[in-house]
Amino acid sequence: MRPVTTLELIATPAGVSGVRRALRAHGIDVQLCASELLTNVIRHVGEGVPVTVRVWPEEGGRVRLGVTDPDPRALPVLVAAAGAEAESGRGLALLDALAVRWGVEQEAGRKTVWCELFTDAETIAVTAAGTPKTPERPGRRRRSAGALGHSSARS
């Protein structure tokens, strides 16, 4: 099992690529979801706020990613599919598609947006071109919990 990874940083656009690099060992899906969640903090809470990004192993071959910021009121909302002309609105849809489940934990003075992903970073293969390739995932039943805690199961 991989150890817990904790990154404490100030939310900036330049910090997004640094987080992706720091989470490389956890796999592409974790990197992508962390990028999306950190970008949401920058866009909806503000650049320059303190953020904690945490990744830790869960049971059943899953990993949990949590991004904590200091604004418990700015909740993520999964919106209907963004149109072709839209410049934003796809981040949470992407996270929802990749995650087994996701949600929000609110506390006094902060919130954590989290997701659970299947990952097998130990066996990520690198193709001859150097592009990481994740192993096939087993079939999964995803439960998605949006900002209001509603959950739905999909096959």
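Cβ separations smaller than 9 Å between residues 6+ apart or across chains give the following pairs from the range 104-119 residues that are over 17 Å from A34 (Cβ atoms) to residues that are part of a strand (DSSP E or B) and among the charged types (D, E, K, R): R110/D69. Give all pairs with beta carbons closer than 9 Å in which a residue from the range 1-24 that is under 19 Å from P57 (Cβ atoms) and open to solvent by less than 90 Å² (accessible area, probe 1.4 Å) meets a residue that is assigned to a loop (DSSP other than H, G, I, E, B) and of a type in the set (A, V, I, L, M, F, W, C); count only pairs at least 6 apart in sequence or on separate chains. From residues that are under 19 Å from P57 (Cβ atoms) and open to solvent by less than 90 Å² (accessible area, probe 1.4 Å), the pairs are T5/L23; L7/L23. When the range 38-79 is filtered for residues that are under 16 Å from V100 (Cα atoms) and touching a residue at least 60 places away in the same chain (Cβ under 8 Å), the ones remaining, listed by number, are V63, L78. Here L92 meets the list (1) modelled with pLDDT of 90 or more; (2) surrounded by 13 or more Cβ atoms within 10 Å (Cβ to Cβ); (3) of a type in the set (A, V, I, L, M) almost entirely, failing just condition (1).
Scan the range 27-51 for residues that are assigned to a strand (DSSP E or B) and more than 12 Å from V16 (Cα to Cα) and the total you get is 1. In the range 53-73, the qualifying residues are those that are under 19 Å from I10 (Cα atoms) and part of a strand (DSSP E or B), and the one that is most open to solvent (accessible area, probe 1.4 Å) is R54.
The values are calculated or read from the model by the stated rules, or taken from the named source; none is laboratory data. Note that the coordinates shown come from a computational prediction; the quantities given were computed from them, not determined experimentally. All Cβ positions, glycine included, derive from the backbone under ideal geometry; neighbour counts span all protein chains shown. Areas reflect the complete protein model, heavy atoms only, side chains present, ligands, DNA and RNA absent. Shrake-Rupley method; radii C 1.70, N 1.55, O 1.52, S 1.80 Å.
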